[in-house]
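Student: What follows is a structure written as structure tokens; I'll ask about it next.
The values are calculated or read from the model by the stated rules, or taken from the named source; none is laboratory data. This is a predicted model, so every value here is computed, not measured. A quick note on method: Cβ atoms are made from the backbone with ideal geometry, for glycine too, and the neighbour counts reach across all protein chains shown.
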Amino acid sequence: MTSGAFVPQPPPTQIGDRTFDWGVRTYVMGIVNVAPDSFSGDGIIDPGRAGELALRHVETGADLVDIGAESTRPDHEPIDAAEEWRRLEHSLMAVRRMVDVPVTVDTSKAEVAERALHAGADALNDVRGLRGDPNLADVLAASGKPAILMHNQRGRDFGGDVIGDIEAGLTISLELALRAGAAEDRLIVDPGFGFGWGPVQNLEMLRRLGELRSLGRPLLIGTSRKSTIGHVLDRTANERQWGTAATLALAVAQGVDIVRVHDVDEMRQVVQMADAVVRGWHPAEQQ
């Protein structure tokens with residue numbers, strides 16, 4: 001973390017029926033993709049299998065489950081709201097039935113978000129930070145539920161400083177949410193690792209992640225199996241667990257609050273060990 005003024009931890013956030021106490025430990029979010037063209041090849045079509053994967057995530061240590069029905073890889077084929085909801089609806093309900101942890105819905109469309117939040121999703125996870133659909137901020141505010149707002153650099157000019165661009169983008173997203181009436185203490189930010197950045201910029205982002213604490217909001221990072229790891233290690237998406245583990249340990253050292261991962265069992269161990277070093281651990285404590 002860079003030197004500078006002390007930034008206190010954000011107050012706890014209620015997501016679903018659980019309270020997330022920031023700064024105590026790093027929370028793990030398990031990914032459930034129901035998009036057939038997911039970049040990592042883990043897309044699930046059958047709702048029953050989506051529910052089973054969510055349950056497996058929880059049994060191996062996930063604190064939250066994130067479900068999405070549209071690929072967000074750079075070359076993905078866009079789909080309309082009707083198709084996204086068709087893919088998502090039954091899988092979301094299956095996941096909701098199978099797990100008792102908070103479930104977030106990964107969408108940037110107001111129509112899909114409104115349906116999903118009404119159908120049982122506990123929070124919104126928007127990779128466009130409320131800047132993709134002009135109606136999404138109002139849907140979020142009306143729901144009263146939390147949101148993860150990501151900075152997406154795709155299609156945007158680079159201002160010359162990775163963290164500066166991310167801070168500016170996330171500030172816009174936070175302002176959109178607040179102007180619509182969303183509660184500030186329910187907003188989480190994501191710097192957007194892999195979304196419009198090259199490997200050099202992604203690694204700088206990770207190296208300077210702690211600077212984003214100046215925004216005063218909890219931080220989520222999603223490095224799992226991303227192409228930057230592949231560029232460094234020359235490994236396919238399904239061979240990037242060790243590289244992912246390294247990025248997560250470094251993210252914990254920078255004060256990240258949530259990690260979004262495919263491999264929950266392995267990555268839970270990584271963050272738990274990193275937390276023991278960074279946040280302190282004693283044998284008598286129950287983790």
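Student: Which numbered condition trips up MET205, out of (1) surrounded by fewer than 18 Cβ atoms within 10 Å (Cβ to Cβ); (2) touching a residue at least 12 places away in the same chain (Cβ under 8 Å)?
Tutor: MET205 satisfies every listed condition except (1).
Student: Quick one: is ARG96 out of contact with any helix residue (DSSP H, G or I) (no Cβ under 7 Å at 6 or more places or on another chain), among the basic types (Lys, Arg) and more than 20 Å from HIS76 (Cα to Cα)?
Tutor: On the way: out of contact with any helix residue (DSSP H, G or I) (no Cβ under 7 Å at 6 or more places or on another chain): yes; among the basic types (Lys, Arg): yes; more than 20 Å from HIS76 (Cα to Cα): yes.
Judged against the criteria, ARG96 is a match.
Student: How many residues does segment 107-127 contain that are closer than 18 Å to LEU176 by Cα and touching a strand residue (DSSP E or B) at 6+ places or on another chain (Cβ under 7 Å)? Show your work before the answer.
Tutor: Pass one, segment 107-127, residues closer than 18 Å to LEU176 by Cα: 107-111, 113-114, 123-127.
If we keep only those that are touching a strand residue (DSSP E or B) at 6+ places or on another chain (Cβ under 7 Å) as well, we get 107-108, 113, 123-127.
Number of matching residues: 8.
Student: Show the residue pairs meeting these rules: Cβ distance below 7 Å; 6+ apart or different chains; first residue within segment 49-72 and touching a residue at least 60 places away in the same chain (Cβ under 8 Å) and buried (at least 23 other Cβ atoms within 10 Å of the Cβ); second residue part of a helix (DSSP H, G or I) and hydrophobic (A, V, I, L, M, F, W, C).
Tutor: Final answer for the pair search is HIS57/VAL264; ALA62/VAL264.
Student: Need at least 2 residues that are more than 29 Å from GLY51 (Cβ to Cβ) and modelled with pLDDT of 95 or more per element, so show me which helices (runs of 4 or more DSSP H) inside segment 91-186 make the cut, counting only ones lying wholly within it.
Tutor: 136-143, 162-180
Student: Test each condition in (1) farther than 20 Å from ILE163 by Cα; (2) buried (at least 21 other Cβ atoms within 10 Å of the Cβ); (3) in contact (Cβ under 8 Å) with a residue 40 or more places away in the chain for ASP275 and report the one that comes out false.
Tutor: It fails just one condition, (2).
Student: Identify, from the list ILE221, ILE229, the residue that is surrounded by 15 or more Cβ atoms within 10 Å (Cβ to Cβ), farther than 21 Å from ARG56 by Cα, modelled with pLDDT of 95 or more and touching a strand residue (DSSP E or B) at 6+ places or on another chain (Cβ under 8 Å). Please lay out each step first, then the result.
Tutor: Working: ILE229 fails: touching a strand residue (DSSP E or B) at 6+ places or on another chain (Cβ under 8 Å).
None of the others qualify; the one that does is ILE221.
Student: Output the residue which, of all residues in segment 1-23 that are surrounded by fewer than 13 Cβ atoms within 10 Å (Cβ to Cβ) and under 20 Å from LEU250 (Cβ atoms), is modelled with the lowest pLDDT.
Tutor: MET1
Student: Test of understanding: among ASP133, ASP157, which residue is of a type in the set (D, E, K, R) and out of contact with any Lys or Arg (no Cβ under 6 Å at 6 or more places or on another chain)?
Tutor: Of the residues listed, the single one that is of a type in the set (D, E, K, R) and out of contact with any Lys or Arg (no Cβ under 6 Å at 6 or more places or on another chain) is ASP157.
Student: Could you check how many residues of segment 245-267 are surrounded by fewer than 22 Cβ atoms within 10 Å (Cβ to Cβ), assigned to a helix (DSSP H, G or I) and not hydrophobic (A, V, I, L, M, F, W, C)?
Tutor: 2
Student: Kindly indicate which of TRP242, TRP281 is assigned to a loop (DSSP other than H, G, I, E, B), over 21 Å from LEU64 (Cβ atoms) and without any contact (Cβ under 8 Å) to a residue 24 or more places away in the chain.
Tutor: TRP281
Student: Next question. Please go through segment 68-90 and pick out each residue that is hydrophobic (A, V, I, L, M, F, W, C) and either under 22 Å from MET150 (Cα atoms) or part of a loop (DSSP other than H, G, I, E, B) (or both).
Tutor: Matches in segment 68-90: ALA69, ILE79, ALA81, TRP85, LEU88.
Student: Counting only residues that are of a type outside the set (D, E, K, R) and over 21 Å from LEU209 (Cα atoms), which one in segment 232-248 is modelled with the highest pLDDT?
Tutor: Step by step, filter segment 232-248, then rank; the result is LEU233.
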